[in-house]
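Below you'll find the structure, written out as structure tokens, and then a few comments.
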Amino acid sequence: MKHSLKDWILATRPWSFPASSMPVLVTLFWLLANGDEINWLLGILALVNIIFVHAAGNVWSDYFDYKKGVDRDDTYSVQTLTSGQFTPQEVMRLSVVLQIIAVAMGIMMVCLCGLPLLWIGLAGIALSLCYPPLKYVALGDVVIALCYSVLPMVGVSFIASGEIHWPVLWLAVPVGLITIGILHANNTRDIETDVRARIHTFSMLTGRAFAAGVYYFEVLFPYLWMLGLCVFGVMSWWTMLSWLSLPLALQNVKTMSQWKTGGIAAFARLDEATAKLQMAFSLTLIIGLLVWHFTA
């Protein structure tokens, strides 16, 4: 079966890319607000690179989920393989091609930026490749926190400015929590089908009621964290513009709370809605960082 370019792109689950791209953008604009000299070209290359890493990881995960029996015809997962649109071999080849592109770009940036970036990149690639087996033993949330929060924010601060800025990790907490929420919403929805596939997720181990409470924390605590950062002078009060996205977070909380009355179908697309929240929170935070820069 022939596939269009659109088919190949959709197979990478582009709706999830805010999880990887937003931490990079937040870091770049935090550096700007912090008064650092920024190499914007390298920053944009880092953004493109992490999207390729993310796309490769998505397809890699889909392949193993299909082989493991996690994704089936009756699950809410992506239907790339279960529908027969793509063969497992095609999906594996797509993942390999994307990984090669990502690695090639990473090597180029190591040559341009320096050896410290190599260790950050190797850690990211290793976690991405090991994500499926780690996800099956309830460590997926940890991998997501590292791959799409801590590592990219530390790495991009080095790529764009020439040195690692550890204080950027203050923002890794709110950005990372919402990112974890994307996976957590998915896993909370899929408890029954994951039990059938004989894998373990954090949501499965705690039960849906507790998992729902964890989700509420993941999408609401970031706003309290930003308030705390402003109160203690770590961030400018302009970064409180991130609170403009709070209505979306509250809507997501309401959606998750319907698991008792509306069943799984009531929050079947909450993972996608959480990715949209991630984008909204990060973009409003970026606006705050920009205003901070221009009013300093």
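In the chain, helical runs assigned H by DSSP with n ≥ 4 each contribute -39500 (n - 2.57); averaged across all residues and rounded to the nearest 500, the mean residue ellipticity at 222 nm is -23500 deg cm²/dmol.
Going by neighbour counts of Cβ atoms within 10 Å, the residues Ser236, Ser4 line up, fewest first, as Ser4, Ser236. Taking other C-beta atoms within 10 Å as the exposure proxy, Thr82, Thr274 rank Thr82, Thr274 from fewest upward. Under the simplified labelling scheme, the Trp119-Trp237 pair shows an inter-label distance of 4.1 nm, with each label point 7 Å from Cα along Cα→Cβ.
Hey, what's the Cα Rg ratio for the chain versus the globular rule of thumb, 2.2 N^0.38 Å? Don't skip to the end; give the middle numbers.
Working: Rg = 19.0 Å, N = 296, 2.2 N^0.38 = 19.1 Å.
For the chain, the normalised Cα radius of gyration comes out at 1.00.
Equivalent ellipsoid of region 20-110: semi-axes from √(5λ) of the C-alpha gyration tensor, largest first, are 34, 15, 8 Å. Candidate membrane-span-like segments in the chain, meaning DSSP H helices with Cα atoms spread over at least 24 Å of their own axis and a Kyte-Doolittle mean of -1.0 or above, are 40-68, 88-113, 116-135, 169-189, 208-231, 270-295, with no membrane implied. As a proxy for reagent exposure, Arg72, Arg198, Arg13 were ordered by neighbouring Cβ count within 10 angstrom, fewest first; the result is Arg198, Arg72, Arg13.
Approximating the spin labels as points 7 Å out from Cα along Cα→Cβ, the Val253-to-Arg196 distance works out to 3.3 nm.
Under the simplified labelling scheme, the Tyr216-Arg93 pair shows an inter-label distance of 4.9 nm, with each label point 7 Å from Cα along Cα→Cβ.
Over region 214-296, what portion of Cα pair distances is larger than 23 Å, expressed as a whole percent? Summing the P(r) of region 214-296 above 23 Å gives 29 percent of all pairs. The separation of region 63-113 from region 119-187, counted between C-alpha centres, amounts to 19 Å.
Identify the residues of region 6-44 with backbone N under 18 Å of a label point that sits 7 angstrom from the Cα of Ile101 along the Cα-to-Cβ direction, or state none. Residues passing the 18 Å test: 6-22, 44.
Once fully extended, how much extra length lies between Leu5 and Trp166, figured as 0.36 nm per residue of separation less the alpha-carbon to alpha-carbon distance?
Extra length available between Leu5 and Trp166 comes to 54.0 nm.
The relative contact order of the chain, computed from alpha carbon pairs under 8 Å that lie at least 6 residues apart in sequence, is 23 percent. The slack in the chain from Val142 to Ile264, taken as 0.36 nm per residue of separation less the alpha-carbon distance, amounts to 41.5 nm.
Take the Cβ-Cβ distance between Ala209 and Glu37 as r, set R0 to 51 Å, and report the resulting FRET efficiency rounded to the nearest 0.05.
The calculated FRET efficiency here is 0.55.
Here, each number is a calculation from the coordinates, and none is a lab measurement. Please read all numbers here as calculations on a predicted model, not as lab measurements. Reconstructed Cβ throughout: ideal geometry from the backbone, glycine too, with neighbour counts over all protein chains shown.
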